[in-house]
Amino acid sequence: MITVLTGVWVALAALAVITWVFGMIAGYREDDTVHLAAGEESEIARQVKNESRMKVIERWRMALSLSTVVGGVLVLGLYIYQGLTTSGAQFK
């Protein structure tokens, strides 16, 4: 059972890394210049679209990162519990 949970945790960690990399790549396309001149309406629309995309990516990055940390702590706790119960160790 723990092996399956470890596999799920590894897959979750891989997804977290992929979203971090994807967010970094998408961040390179971000334009920090404020476009106010006439004829730059298409740039404004592109910036708004990119900003909304970055917000979605950031939400996924945070959710997957938090899930990876919590899942890792739980899997570690299960490994420790299994090690203590199967080795015959007793607390006094």
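Quick note: the coordinates plus some simple rules give every number you see, no bench work behind them. Predicted model, so just to flag it, every value in this text is computed and none were measured. Cβ sites come from the backbone with ideal geometry, for glycine too, and all protein chains shown count toward neighbours.
Numerical summary
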read-out: Qualifying residue in the range 43-58 (condition: within 29 Å of residue 4 (Cα to Cα), touching a helix residue (DSSP H, G or I) at 6+ places or on another chain (Cβ under 8 Å) and not acidic (Asp, Glu)); value: yes
read-out: Residues of the range 13-60 that turn out to be among the polar types (S, T, N, Q) and farther than 30 Å from residue 71 by Cα, as a count; value: 4
